[in-house]
1. Give me the residue from the stretch 163-193 that is assigned to a helix (DSSP H, G or I) and surrounded by 24 or more Cβ atoms within 10 Å (Cβ to Cβ) and, out of that set, nearest to the ligand (Cβ to nearest atom).
2. Six or more apart or on different chains, Cβ atoms under 7 Å: show the pairs whose first residue is in the stretch 183-200 and not assigned by TED's automatic domain parsing to the domain that holds V159 and whose second is modelled with pLDDT of 95 or more and open to solvent by 50 Å² or more (accessible area, probe 1.4 Å).
3. So for the stretch 53-62 (the condition being closer than 22 Å to S273 by Cβ, out of contact with any His (no Cβ under 6 Å at 6 or more places or on another chain) and hydrophobic (A, V, I, L, M, F, W, C)), does at least one residue qualify?
4. Checking the structure you have, find out if any residue of the stretch 302-324 is more than 19 Å from D107 (Cβ to Cβ), open to solvent by 80 Å² or more (accessible area, probe 1.4 Å) and either at pLDDT 95 or above or not in a helix (DSSP H, G or I) (or both).
5. Scan the stretch 196-224 residue by residue and report those that are part of a loop (DSSP other than H, G, I, E, B) and over 11 Å from S280 (Cβ atoms).
6. Select from the stretch 253-279 the residues that are touching a Pro at 6+ places or on another chain (Cβ under 9 Å) and surrounded by fewer than 16 Cβ atoms within 10 Å (Cβ to Cβ) and list them in ascending order.
7. For the stretch 219-233, which positions are farther than 20 Å from V294 by Cβ and either surrounded by fewer than 21 Cβ atoms within 10 Å (Cβ to Cβ) or among the hydrophobic types (A, V, I, L, M, F, W, C) (or both)?
Amino acid sequence: MSTLTKTILAAVAAIGLTAPAAAQFQERTIRISNGINQDHPVGNGVAKMTQCATEKSGGRMRLQAFWGGALGGDLQATQALRSGTQEMVITSSSPLIGILADLGVFDLPFLFANEAEADRILDGEFGKFMSDKLPAVGLVNLAYWENGFRNLTNSRRAVTRLEDFQGMRVRVMQNNIFLDTFRTVGTNAVPMAFQEVFTALETRAIDGQENPFVTIDTSRMYEVQRFLSVTKHAYTPFLVLYSKRLWDMLSAQEQATLTECAIQGRDEQRKVSRELSEKSLANLRQRGMQVNEVAPAEAARIRDAVRPVYERHAATIGAETVARMQAELAKIRGN
Ligand code: TK8
């Protein structure tokens, strides 16, 4: 065989191998909306997901991320997905309970004891059960990423006891369960979209807010908040959502690629989130925040005070959803 023939045969073989796969990918720009900033671990997750999608699609799938609520708030962006005018959003589940009430199960106070438990629920049967409900409301959930355990910050005083919440004006997410929880402990709770929080704190329209260390840090809340109380009162996941309308226009190959790459992104995102959590806390101290733990006995009092929140919202969330969550947790905990 001549060198030329060999070269041609090799080229044909190469085309034969790559062409069918590449043909499954169209040139696409996929816009991803984020409320948090790019230096949040979600930035690492999106970078990983982008690298994965670029490799698998031969550069045809382009992920374009927007940060700091540049495309609007989480709820607004999610509505854009439902109407098919935007491809993706990475959002907390909490502002979406008006779209799917069942998501409220993640907002129940003190639901998860640790991250390992959250991972098992989210990546296991329960997470799938929840994701399976989303297409009916125009959304496809590719994966659960991490925001983390939420803690209270404020500009008035260290919250060390149940009584310290009293009368404080605290921003909560647009979510009835958080609203009820924070009213129950005595705060004057105000629902607000995330991208309005910094200014509201800065102008002292509100005294406090609650978010995980990493989000408090990367959203620079230390500039406008003095006290950080380690309340760990909830763990709310991020959903990595795709517009169902636009999803249905993708090839099977494109869908499989996005799903797989969102999982790769998730693993990277959670790893960075957990590495960064303690570093963020150290940075918050260094920036002048006064950090306090809540003593176990006081934490128990807070927990007891908000226990009725479960009862009050079980019917709205859906009895089956709450029961399934509790059964899964009991299984994980070995009871
Ligand atoms: C960022 C939000 C944020 C959430 C909130 O878009 O609203 O407080 O915790 O992280 O999803």
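The values are calculated or read from the model by the stated rules, or taken from the named source; none is laboratory data. Just so it is clear, the model here is predicted, and its values are computed rather than measured. Note: ideal-geometry Cβ built from the backbone for every residue, glycine included; neighbour counts use all protein chains shown. Surface areas here come from the heavy atoms of the whole protein model, side chains and all, with no ligands, DNA or RNA. Shrake-Rupley method; radii C 1.70, N 1.55, O 1.52, S 1.80 Å.
1. Taking the candidates together, the pick is F178.
2. Between residues of the stretch 183-200 that are not assigned by TED's automatic domain parsing to the domain that holds V159 and residues that are modelled with pLDDT of 95 or more and open to solvent by 50 Å² or more (accessible area, probe 1.4 Å), there is no close pair.
3. Yes, that holds for at least one residue.
4. no
5. Result: T203, R204, A205, I206, D207, R220, V224.
6. K271, R274, E275
7. R220, E223, V224
Conditions (1) within 25 Å of F182 (Cα to Cα); (2) in contact with a Ser or Thr (Cβ under 8 Å, 6 or more places away or on another chain), marked per residue:
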site: R82; (1), (2): no, yes
site: Q86; (1), (2): no, yes
site: F112; (1), (2): yes, no
site: D119; (1), (2): no, no
site: D132; (1), (2): no, no
site: G138; (1), (2): no, yes
